[in-house]
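The values are calculated or read from the model by the stated rules, or taken from the named source; none is laboratory data. Worth saying up front: this structure is predicted, and the values here are computed from it rather than measured. Cβ: placed from backbone, ideal geometry, glycine included. Neighbour counts: every protein chain shown. For accessibility, only protein heavy atoms count, side chains too; no ligands or nucleic acids. Shrake-Rupley method; radii C 1.70, N 1.55, O 1.52, S 1.80 Å.
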Amino acid sequence: YKTWQYLYSGGTVKKMWGVVSSFFRRFGLLFKLHNADQLFIHREVAHVGPPIFEWIIAKILRKKYIYDFDDAIWLPNYSESNARFHRLKAYWKVNYCMKWASKISAGNDYLANYAKQYNQNVQIIPTTIDTEFHHSISCNHEQNKTVIGWTGTHTTMHYLNELIPVLIELEETFDFTFLVISNEEPMFELRSLAFIKWEKETEIQDLAKMNIGVMPLQKDIWSEGKCGFKGLQYMALEIPTIMSPVGVNTTIVQDGINGLLATSLEEWKEKLILLLTDKELRKNLGKAGRKTVEERYSVKANQEKYLGLFQ
């Protein structure tokens, strides 16, 4: 967690120290794997560099591992603050991690189809939400001022750029707060803007301050690989959600039933107004969204699929 913080907001020395110390911790972990029957690797063993640890695990220690991923992580994706070092990520290593795995867990069809180029033993398991012990509270639709919200790292904040003109226009008519929860403060020219720095300990309580959750995306190959985690978080907290109909979002949200879909800026404006002016609709969509998560995207709903990976 500390290294994650350094990579996104620390100086060069802290970043280097975080990566080096992580390598030492991972190397020490190799000596504890002799009793393991199988390993579960999410995305990568190390932040940067070639797949050294995965190769040792598969080829030297002869251990089977399940490879789990929920983004198009073979594609370059980095922030400006890390642009100088992004090649160290060695995006190509993902293909080898897939090839050496005994099984692969992919978050959606797009990711699964890519993985099958390197390994045929692929199972699709959607991004799951812990609705019992983590996302276990609901937003408050009775608060005085409506809060439209977005959460994500600053590397994905650019998706909000096209939405800002719509919010500026809505500010002329409606009294609302636009809340951004991120690791870095945004620089948007909005009267309604509020910022909360993302913290692991307060994440759910901060998200629950929202009354409307937005997830705008652009239709590109990176977005096709996304698994809708942001939207699912909103929905789990009974926050009515507006998503761009990109990739897996169209399978998560049924427009007008458990959330809303918006393609054009005019549709975003129309549907934001709809939710800003209709508290009962916000409540109903929020409850339907929560039900969708419980039935299809919760840990409980997918536990047998996960257990099946280890059989």
**OP:** Taking H placed 1.01 Å from N in the peptide plane, check which residues at least 5 places from residue 259 or on another chain put their amide H under 5 Å from its amide H.
**Re:** 254
Original post:
How large is ³J(HN,Hα) for each residue in the range 255-265, as worked out from phi by the Karplus curve 6.51 cos²θ - 1.76 cosθ + 1.60 (θ = phi - 60°), to whole Hz, x for Gly and Pro?
Top reply: 4, x, 10, 10, x, 10, 10, 9, 9, 8, 5
**OP:** Give the shape of the range 185-301 as rounded, prolate or oblate, defined through the alpha-carbon gyration tensor: a ≥ b ≥ c are the square roots of its eigenvalues, a/c under 1.5 means rounded, and otherwise the shape is prolate if a/b is larger than b/c and oblate if not.
**Re:** rounded
**OP:** Estimate the FRET efficiency between residue 281 and residue 153 by the formula 1/(1 + (r/R0)^6), using the beta-carbon distance for r and 30 Å for R0, to the nearest 0.05.
**Re:** 0.50
**OP:** Mind checking the range 119-161 for chymotrypsin sites (Phe, Trp or Tyr not before Pro) that DSSP puts in a loop (not H, G, I, E or B) and that have at most 15 other Cβ atoms within 10 Å?
**Re:** 133
Subject >> Within the chain, longest stretch free of exposed trypsin sites (Lys or Arg not before Pro) [DSSP loop, at most 12 other beta carbons within 10 Å] >> reply: 220-311
Original post:
Measuring from label point to label point, each 7 Å out along Cα→Cβ, what is the residue 266 to residue 92 span in nm?
Top reply: 4.7 nm
Subject >> Accessible area, probe 1.4 Å, largest first, for residues 229, 178, 24 >> reply: 24, 229, 178
Original post:
What length, rounded to one decimal in nm, is gained on full extension from residue 116 through to residue 161, with 0.36 nm per residue of separation minus their alpha-carbon distance?
Top reply: 12.7 nm
Original post:
How long is the gain from residue 32 to residue 123 if the chain were fully straight, where each residue apart is worth 0.36 nm and the alpha carbon distance is subtracted?
Top reply: 30.0 nm
Subject >> Per-residue ³J(HN,Hα) for the range 171-184, Karplus 6.51 cos²θ - 1.76 cosθ + 1.60, θ = phi - 60°, Hz, x for Gly and Pro >> reply: 4, 6, 10, 10, 9, 8, 10, 9, 9, 10, 10, 7, 7, 9
**OP:** Leaving ligands, DNA and RNA out of it, work out the accessible area of residue 45 with a 1.4 Å probe and give it in Å² to the nearest 10.
**Re:** 20 Å²
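A 32 angstrom limit on the alpha carbon distance is what I want to check against. Which of 226/300; 32/200; 197/226; 89/269; 89/197 exceed it? Walk me through the numbers on the way to the answer.
Values: 226/300 22 Å; 32/200 28 Å; 197/226 23 Å; 89/269 38 Å; 89/197 26 Å.
Pairs exceeding the cut-off: 89/269.
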**OP:** At 7 Å along the Cα-to-beta-carbon direction for both residue 191 and residue 203, put a label point, then send me their distance in nm to one decimal.
**Re:** 3.5 nm
Subject >> Nearest-0.05 FRET efficiency for residue 255 and residue 130, computed from C-beta distance (R0 41 Å) >> reply: 0.95
Subject >> At most 16 other Cβ within 10 Å, DSSP loop - GluC sites (Glu not before Pro), the range 87-184 >> reply: 132, 142, 162, 172
**OP:** Kindly report, to the nearest 10 Å², the accessible surface of residue 175 as traced by a 1.4 Å probe over protein heavy atoms only.
**Re:** 110 Å²
Subject >> Equivalent-ellipsoid semi-axes of the chain, from the Cα gyration tensor, Å, largest first >> reply: 36, 23, 17
Subject >> Gained length - residue 171 relative to residue 99, 0.36 nm times residue gap less alpha-carbon distance >> reply: 20.8 nm
